[in-house]
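Visitor: Supplied in structure tokens, the structure appears directly below.
The values are calculated or read from the model by the stated rules, or taken from the named source; none is laboratory data. Quick caveat: nothing in here was measured; it's all calculated off a predicted structure. As a convention, Cβ positions derive from the backbone with ideal geometry for all residues, glycine included, and neighbour counts pool all protein chains shown. These area figures cover heavy atoms from the full protein model, side chains too; ligands, DNA and RNA do not enter into them. Shrake-Rupley method; radii C 1.70, N 1.55, O 1.52, S 1.80 Å.
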Amino acid sequence: MAATRHPRPALDRLRALAVAPPEAAGPARPVALLALACLALAALSLLGPATPTYDPWAWIIWGREVMHLDLVTTDGPSWKPLPILFTAPFSLVGDGPAPELWLLVARTGGLLAIAMAFRLAARLAGPVAGAIAAVALALADEFVRNFARGNSEGLLVAFCLLALERHLDGRRRDAFLLGFLAGLLRPEVWPLWGLYGLWLVAVEWRGRPPWRTIALVGGTGLVTLVVWFVPEYLGSGSMLRAAERALQPNPDSAAFAASPFLEVFRRSASILSVPVYLGAAIAVALAAWRRENAGVVTTLAVLSTALMVAVALMTEGGFAGNLRYVALPAAMVCILAGAGWVGLYRLVRRRSGGAAAAGLAVVALALSAPFVVADLGHFGKQMDRLAWEDDLYGANLEAMIAKAGGERALKACGPVYTGAFQTQAVAWHLHLHEYQVGIFQAPPGTVIAPHYTANARDPRFPLVTKTSRWMVGSSCTGP
């Protein structure tokens, strides 16, 4: 009598997926030398413009406050745990090096993100695909400028792309831990990271619970909640202060549009150029038609779409919806674009010969050239803006403080006031908590503000001294 065949349990099917990744498991691709190269380039970049922007200044201030057991997070941007893990020890080396050390970390992450876009696209379709992906990401609107100013999106993209590579190498615990680091930067990745952790437990459940993996998933989940919410409670008295702050977007935010959800997609369209989107669409079409790299291409397409929808839904719920929040899905589209264009070239060469493929390449390059030129022009403007901000918040602000008599003189008259976007830099240089630098000025007190702000023209604070970009006014006889 033949044995009764039972359907394969769902758990076994999940396990089968784990032991048969899109590419056979093998040794993890080396990343240490790549990271060191990115670190060296980031260090060289500090010879040029190197001053943080609004959010990073807050993380640098909070790092100093953590080390002094005097954390106050009632003002400023949303709390992010991972930057503080760096800025807290960096504060011990002094006020001068601490901001540059954080910029070193942020810029290393951004450069590593571009390198990982190359590696993943090259893995799919060769070095030409990698070059297309890397150039597309480097020219993506504001991507380089954002990580050059110390924002965390470069690190986020680097962690997530490296996690994907580790997964493809069969190093799933490494991938999970990289997802954990990404989750210390942006809450949008929590659902995907959590699902990956549950999947990891499911595929290792071979007759008995995988307690080590359960402890890893559960422990990192608990740590994530603790480091996101407990410092906020200690610093502001509210565990949800970060969410409350994120629900107070700037006046030009997509959250104020008639349809915030659609507005996110409308504004995000300009981040990448038409050839990049077209190449990504070609990659998806080839994966569906010819099954070329179907697993990885589908994963990238689904993840990028899910992340875009997550940002759009959060914006619909009242959160800021800043364009830098979509850097991660944009990076995935760049990888798809590289694979798509090279895949199309190879398809034409197989079906119609080398001459036709070469003709396709020439036409594609010719049609893409205007977009690349426009992107390069915009990139140059971003670098000019970076240099302008460096002078404003760096040497010029430091010169203004020194010219006005120093920190003690500026604080002698009473409260210190400045513009809304200058509070963090002023607080750092004057060793104040963020809430101690006001934006709604009233005598007595001292104003230290850029010339272009309304604060600089208040007659109640007569001019004391100025530099080319800043002024100091005081309601006292002198600062």
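Visitor: Would you please classify the overall shape of region 166-316 from the alpha carbon gyration tensor, given that a ≥ b ≥ c denote the square roots of the eigenvalues, rounded means a/c under 1.5, and beyond that prolate means a/b larger than b/c while oblate covers the rest?
Guide: Cα axes put region 166-316 in the oblate bin.
Visitor: Let me ask something additional. In whole Å, what three semi-axes, largest first, describe the equivalent ellipsoid of the chain built from its Cα gyration tensor (square root of 5 times each eigenvalue)?
Guide: Those come to 45, 28, 19 Å.
Visitor: Now for a separate question. Let me make sure I get this right: for region 258-360, a, b and c are the square roots of the gyration tensor eigenvalues over alpha carbons, sorted descending. Under 1.5 in a/c it's rounded, otherwise prolate if a/b > b/c, else oblate. Which is it?
Guide: Here region 258-360 falls in the prolate category.
Visitor: Which of the peptides 37-46, 169-178 is most tightly packed, and how do the rest follow, going by the mean number of other Cβ atoms within 10 Å of each residue?
Guide: 169-178, 37-46
Visitor: Further, regarding this structure: Distance in nm between label sites at Val223 and Asp384, each 7 Å beyond Cα in the beta-carbon direction?
Guide: 4.6
Visitor: For the Cα atoms of the chain, what angle does the longest principal axis make with the long axis of helix 172-183, in degrees from 0 to 90, nearest 10?
Guide: Taking Cα atoms only, the helix is inclined about 30 degrees.
Visitor: Cα gyration tensor of region 299-414, axes a ≥ b ≥ c as square roots of the eigenvalues: rounded (a/c below 1.5), prolate (a/b > b/c) or oblate?
Guide: Note, shape of region 299-414 comes out oblate.
Visitor: While we're on this one: Using a probe radius of 1.4 Å on heavy atoms only, what accessible surface per residue do you get for the chain? Whole Å² is fine.
Guide: 46
Visitor: If packing is taken as the mean number of other Cβ atoms within 10 Å per residue, what is the order of 357-368, 122-133, highest first?
Guide: Packing proxy ranking, top to bottom: 122-133, 357-368.
Visitor: Could you give me the percent of Cα pairs per 10 Å distance bin for region 76-139, shortest bin first, beginning at zero and ending with the bin that holds the maximum distance?
Guide: 21, 32, 23, 20, 4
Visitor: How far is helix 190-203 tilted off the main Cα axis of the chain, in degrees rounded to 10, range 0 to 90?
Guide: 40
Visitor: Same structure, new question: Taking the Cα centre of the chain as origin, sum charge times position over the Cβ atoms of Lys and Arg (+1) and Asp and Glu (-1), and report the length of that vector in debye to the nearest 20.
Guide: 1680
Visitor: Pull out the extension gain between His431 and Leu47, defined as 0.36 nm times the separation in residues minus the alpha carbon to alpha carbon distance; nm, one decimal.
Guide: 135.7 nm
Visitor: Round to a whole number: what % of the accessible area of region 72-112 belongs to carbon and sulfur, probe 1.4 Å?
Guide: Answer for region 72-112 is 71 percent, counting heavy atoms of protein chains only.
Visitor: Quickly work out the Leu463-to-Leu69 label distance, labels modelled 7 Å from Cα along the C-beta direction, and quote it in nm with one decimal.
Guide: With each label placed 7 Å out from Cα toward Cβ, I get 4.7 nm.
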